[in-house]
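Shown next, in structure tokens, is the structure this report addresses.
The values are calculated or read from the model by the stated rules, or taken from the named source; none is laboratory data. All of these numbers come straight from a predicted model, not from anything done at the bench. Counting neighbours? That spans all protein chains shown, and the Cβs are built from the backbone with ideal geometry, glycine included. Ligands, DNA and RNA are stripped out before the accessible areas are found, and what is left, the full protein with its side chains, is counted by its heavy atoms. Shrake-Rupley method; radii C 1.70, N 1.55, O 1.52, S 1.80 Å.
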Amino acid sequence: MQNLEKPNQNNQVTDFSGGRRLSVAPMLDWTDRHYRVMARLISRHAWLYTEMINAGAIVYGDPDRFLYYNEGENPLALQLGGSEPALLAEAAKRAAAYAYDEINLNCGCPSPRVQKGAFGACLMQEVALVADCLNTMQDAVPDIPVTIKHRIGIDRQTEYAPLADFVGTLSDKTACRVFIVHARNAWLDGLSPKENRDIPPLRYDYVHRLKREFPQLEIIINGGIDHNDAVAAQLAAVDGVMVGRACYHNPMIMHDWDRRFYGSDKAAPDLDSIVHALYDYACRQLAAGRGTTLRHMVRHYLGLTHGLNGARQWRRMLSDANLLGANNPQLILDAWQAVQRLN
Ligand SMILES: Cc1cc2nc3c(=O)[nH]c(=O)nc-3n(C[C@H](O)[C@H](O)[C@H](O)COP(=O)(O)O)c2cc1C
């Protein structure tokens, strides 16, 4: 684990110590660089993940479009989707130039589009291929940890043994030491990706058992963990907790993380400072070009006032097409003023 400090654009200092104790899950269309800037303002320590990026898009497309991120987002992991070892390795190599802190292989996505490309969760049925992918990637980027995110099983397979075999084989045959386990099966036959995040039952006990049986591995648990007391309870059984939807719909859940889970004595900025830092960020982004519009950024801020009086007003203003059309970051401060008037 790296242990260095880097200032971000808002002159906050990001701290790498504590590693993946808490992380924000990779979420397609949600955890883009604008979201991650907000997350980093709230927690200096949380480990952040990109959305899943198809290895082919990096290798055959415009790498900068997929790999660029803002200074200060680290610690940041790139999640790759793919199943061709050479293509994944080439994508990892290109990513190395961008100083990602981890490259993660997606073996958990159940989307039919992903299955057609033969990657995501269906890779759990092909452990030899997964080992080949991880090894080829790790050889390409020897200085960056290559990790995996997967489910506890596929379809109606509900035994623990195949999960332990999958993890055991990869730990024997690869250098991968970090296993992020979404604690439910992926049902590849008929559920939508959204249903696959809710319907297959959660089996936290399987992930806890993995940690007991493979104590040398870093086991991170994920799935349905949506408040900080639940995070604390999980940390008694595993090395880290990855939170997805709760960090998106209620980003201030992360406000406690540095103090409570990383032992930091620095108070996280209050919401007023966060909103003003986001305003500054929006001004800089719009000035810098890159095709960014106000809407690209503020769509990720809708949950920021979750639970406060005026949250509805905040969401309404930040998603109003007419107001957004002016592309003026002042909208963020106006919406915040509307919330403050009610609190
Ligand atoms: C909108 C959305 C997009 C997602 N995209 C990805 C993805 O790109 N890669 C991935 O491994 N998981 C993806 N997931 C799954 C999450 O990483 C996580 O495993 C899942 O939401 C369960 O965690 P939670 O209950 O804390 O949300 C996505 C989830 C959501 C809600």
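I want to confirm something. Restricting to the range 191-211 and keeping residues that are in a loop (DSSP other than H, G, I, E, B) and touching a residue at least 12 places away in the same chain (Cβ under 8 Å), which single residue is least open to solvent (accessible area, probe 1.4 Å)? Looking at the filtered set, the residue picked out is 200.
Please verify whether the range 111-118 includes one or more residues that are in contact with a Gly (Cβ under 9 Å, 6 or more places away or on another chain) and polar (S, T, N, Q). The answer is yes, given that some residue of the range 111-118 is in contact with a Gly (Cβ under 9 Å, 6 or more places away or on another chain) and polar (S, T, N, Q). Cβ-Cβ contacts under 6 Å between residues 6 or more apart (or on different chains), taken from a first residue in the range 284-310 that is in the same structural domain as residue 334 (by TED's automatic domain parsing) to a second residue that is among the aliphatic types (A, V, I, L, M) and open to solvent by 80 Å² or more (accessible area, probe 1.4 Å), are listed as 309/342; 310/342.
Scanning the range 32-63 for residues that are within 15 Å of the ligand (Cβ to nearest atom), closer than 21 Å to residue 260 by Cα and part of a loop (DSSP other than H, G, I, E, B) turns up just one, 46. Mind checking whether some residue in the range 326-338 is open to solvent by less than 30 Å² (accessible area, probe 1.4 Å) and out of contact with any helix residue (DSSP H, G or I) (no Cβ under 6 Å at 6 or more places or on another chain)? Among the residues of the range 326-338, not one is open to solvent by less than 30 Å² (accessible area, probe 1.4 Å) and out of contact with any helix residue (DSSP H, G or I) (no Cβ under 6 Å at 6 or more places or on another chain), which makes the answer no.
Consider the range 281-316 and keep the residues that are at pLDDT 95 or above and of a type in the set (S, T, N, Q). The one that is most open to solvent (accessible area, probe 1.4 Å) is 309. Just so you know, in the range 136-180 the residues that are more than 23 Å from residue 19 (Cα to Cα) and among the aromatic types (Phe, Trp, Tyr) include one that is surrounded by the fewest Cβ atoms within 10 Å (Cβ to Cβ), and it is 160. Selection over the range 212-259 of residues that are within 16 Å of the ligand (Cβ to nearest atom), assigned to a helix (DSSP H, G or I) and within 25 Å of residue 168 (Cβ to Cβ) gives a count of 2.
Kindly indicate whether residue 188 is within 16 Å of the ligand (Cβ to nearest atom), of a type in the set (A, V, I, L, M) and open to solvent by 10 Å² or more (accessible area, probe 1.4 Å). Judged against the criteria, residue 188 is a match.
Results for (1) in contact with a Phe, Trp or Tyr (Cβ under 8 Å, 6 or more places away or on another chain); (2) open to solvent by 10 Å² or more (accessible area, probe 1.4 Å), shown as yes or no for each residue.
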{"position": "49", "(1), (2)": "no, no"}
{"position": "53", "(1), (2)": "yes, yes"}
{"position": "63", "(1), (2)": "no, yes"}
{"position": "83", "(1), (2)": "yes, yes"}
{"position": "86", "(1), (2)": "no, yes"}
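A residue that is modelled with pLDDT under 95, closer than 25 Å to residue 102 by Cα and open to solvent by 70 Å² or more (accessible area, probe 1.4 Å) cannot be found anywhere in the range 260-280.
Being in a helix (DSSP H, G or I), of a type outside the set (Val, Ile, Thr) and surrounded by fewer than 18 Cβ atoms within 10 Å (Cβ to Cβ) narrows it down to one of 121, 92, 128, so name that one. Break it down stepwise before answering.
Values: 121 fails: surrounded by fewer than 18 Cβ atoms within 10 Å (Cβ to Cβ); 92 fails: surrounded by fewer than 18 Cβ atoms within 10 Å (Cβ to Cβ).
The conditions single out 128.
Restricting attention to the range 11-31, which residues are modelled with pLDDT under 50, over 20 Å from residue 261 (Cα atoms) and buried (at least 18 other Cβ atoms within 10 Å of the Cβ)? The answer is none; no residue qualifies.
Filtered by the rule that a residue be outside any loop (DSSP other than H, G, I, E, B) and more than 16 Å from the ligand (Cβ to nearest atom), the range 138-162 gives 138, 139, 140, 161, 162.
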